[in-house]
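The block underneath contains the structure these notes are about, expressed in structure tokens.
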Amino acid sequence: MGFSSALGWDNGIGLSPIGADIASPKLIALVANAGGLGLLVSPVNMYDATLKAIRDTKKLTSKPFGDGTLLEFDQTNTVRKIFEEKLACMQVFWGGYPKEMVDEAHKNGVKILHQVGSVADAEKAIVAAVDCIITQSVEAGGHVIGTVFRLNSFLPRIVDLVGDRNITVIVVGAIADPRGFYAALSLGAKGICMGTRFIATKESYAHDYYKQRLLQYTGADTEYTYLYSRASWRETTRVLNTPFHQKWKPVPKDIENNEDQPIIGYSIIYGGETILRRFAGQVANQTTVEEVENTVMYTGQGVGHVNDAPPAGDIVKNFIEGAEKIIKGLGSKFETPAGGVAVISLA
């Protein structure tokens, strides 16, 4: 089941790159060891920190894994280290990755997974001959490049667009239980990537307060917003509609997240202290102190299906078993009469 034949993983369950360091080496390794696709988040253009994250992950797994890279920033050093370390794949997001760059990755043995949010971007990815297209809908959490609501309206268009080309299609956005996995497969995807579901796991590096909020909110409690990351990268995100967010979401767009904003906390990210100011884009990791409740909490609309925080390997196992159970259950409800037309048994 999933994208094993095309990309080399055992199953179709993937961990989205969750920044800044929430998708820790331990979390990546556990997903990989369970046969899934794990994607690190490398710090922007930091060679040594990227090397450490990769090497720390390799100590914990011999399985293939990849790295998620934001094209909005200069990532020359990050990409160089990914190539040198011969990672299985690199997910690129929020920018173009033309064919000459894809060819360079292939020469280094690295597959390219391009996350897109529109048909136009998918067409460019096809021309570039990427190995995989990850479709993101507006329901997704974190930074949202998706422009189309609903998995079932966007995904089939991309599957049809890809046709019989040797490009795998994966979907991300609002999937947080086995039913969503089955739905993605039934619409033509070869697998899924998830962020919110893996944040609420035993091994994610998210702050416990953040994890607990995910267990208490539903998809109706999320907000599509420009409020955060105002100083460095002002783009749309989907977040939990916490009391802090409710209070500040009417803030005009021209208010910056700069040194004029009060400090709300501190975190150690990639080994260095990071000052968190109001409206900062960094989520709370396990080192975060002070006003954790006032940090951004990225979340997709599938959060209503997140009711526990089990080990990450159990997520992979439960999704596969759950999808197989759904498929078997559907098979028992269909009967094919002598005339060859299937009917549904309601018994």
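Which pairs break 30 Å Cα to Cα here: Lys26/Lys99; Lys52/Lys107; Lys211/Lys249; Lys124/Lys190?
Lys26/Lys99
log10 I(q)/I(0), Debye, Cα-only the chain, no solvent, q = 0.06, 0.10, 0.12, 0.13 Å⁻¹?
-0.21, -0.58, -0.83, -0.98
Convex hull over the alpha-carbon atoms of the range 149-256: what's its volume per residue in Å³? If you can, show how the numbers build up before the last one.
Working: hull volume 16.9 nm³, N = 108.
Considering the Cα atoms of the range 149-256, their hull volume per residue is 156 Å³.
With all protein chains present, how much of the accessible area of the chain (probe radius 1.4 Å) comes from carbon and sulfur, to the nearest whole percent?
52
Starting from the amide H of Asn285, placed 1.01 Å from N in the peptide plane, find each other amide H under 5 Å away whose residue is 5 or more places distant or on another chain.
Amide H neighbours of Asn285, under 5 Å, 5+ apart: His207.
How far is the Cα center of the range 3-78 from the Cα center of the range 213-272, in Å?
Comparing the Cα centres of the range 3-78 and the range 213-272, I get a distance of 25 Å.
For the range 225-323, max minus min Cα coordinate along each principal axis, in Å, sorted largest first?
Its Cα atoms span 51, 32, 23 Å along the three principal axes.
What list of ³J(HN,Hα) values in whole Hz, one per residue of the range 290-295 in order, does the Karplus curve 6.51 cos²θ - 1.76 cosθ + 1.60 (θ = phi - 60°) give from phi, with Gly and Pro shown as x?
Going residue by residue, I get 6, 7, 4, 5, 9, 8 Hz, with x marking Gly and Pro.
Which residues' amide hydrogens lie under 5 Å from the amide hydrogen of Gly14, considering only partners 5 or more residues apart or on another chain, with H built in the peptide plane?
Under 5 Å from the amide H of Gly14 lie the amide H atoms of Leu37, Ile192, Cys193, Met194, each far enough along the sequence or on another chain.
Could the peptides 28-38, 296-306 be put in order, highest first, of the mean number of other beta-carbon atoms found within 10 Å of their residues?
Numbers: 28-38: 26.5, 296-306: 24.6.
Those peptides, ordered most packed to least, come out 28-38, 296-306.
Over its Cα atoms, what ratio of radius of gyration to 2.2 N^0.38 Å does the range 30-159 give?
Rg over 2.2 N^0.38 Å, computed on Cα atoms: 1.05.
If you consider only alpha-carbon coordinates, what radius of gyration and Dmax does the range 7-71 have, in Å?
11.0, 31
Could you work out the relative contact order of the chain? I mean the mean sequence separation of Cα pairs under 8 Å and 6+ apart, divided by the number of residues, in percent. Write out the running numbers ahead of the final one.
Details: 756 pairs, mean separation 56.1, N = 347.
It rounds to 16 percent for the chain.
Sorting check: for 250-256, 138-144, which peptide has the highest mean count of neighbouring beta carbons within 10 Å, and how do the rest follow?
Packing order, densest peptide first, comes out as 138-144, 250-256.
Within 10 Å, count the other beta carbons around each residue, average over each peptide in 280-291, 317-328, 46-57, and list them highest first.
Put in order of decreasing packing, that is 280-291, 46-57, 317-328.
Between Tyr47 and Lys328, how many nm apart are label points set 7 Å from Cα along the C-beta direction?
5.3
Using only helices, what value at 222 nm comes out for the chain when you add -39,500 (n - 2.57) per DSSP H run of length 4 or more and divide by the total residues, to the nearest 500 deg cm²/dmol? Let's see the in-between values first.
Numbers: 12 runs with 114 residues, N = 347.
The helix contribution divided over the chain gives -9500 deg cm²/dmol.
With a 1.4 Å probe and every protein chain left in place, work out the accessible area per residue of the chain in Å², rounded to a whole number.
Ligands and nucleic acids excluded, the result is 44 Å² per residue.
Which whole-number percent is the relative contact order of the range 150-293 (Cα, under 8 Å, 6+ apart)?
Working: 178 pairs, mean separation 25.1, N = 144.
RCO, the range 150-293: 17 percent.
Collect residues whose amide H, placed 1.01 Å from N in the peptide plane, falls under 5 Å from the amide H of Leu113; neighbours closer than 5 in sequence don't count.
Counting only residues 5 or more places away or on other chains, the set is Met90, Gln91, Val92.
Name the GluC sites (Glu not before Pro) in the range 44-90 that are in a loop by DSSP and that have at most 15 other C-beta atoms within 10 Å, would you?
Glu72
Treat each spin label as a single point 7 Å out from the Cα along the C-beta direction, and report the Val127 to Asp56 distance in nm.
In this crude spin-label approximation the distance works out to 4.0 nm.
What is the calculated FRET efficiency for Thr147 to Asn307, with r their C-beta to C-beta distance and R₀ = 35 Å, to the nearest 0.05?
According to the calculation, E is roughly 0.70.
The values are calculated or read from the model by the stated rules, or taken from the named source; none is laboratory data. Here the structure is a predicted model, which is why all the values come from computation and not from measurement. Virtual Cβ from ideal backbone geometry, glycine too; neighbours counted across all protein chains shown. Protein only, heavy atoms only, side chains kept; ligands, DNA and RNA dropped before computing areas. Shrake-Rupley method; radii C 1.70, N 1.55, O 1.52, S 1.80 Å.
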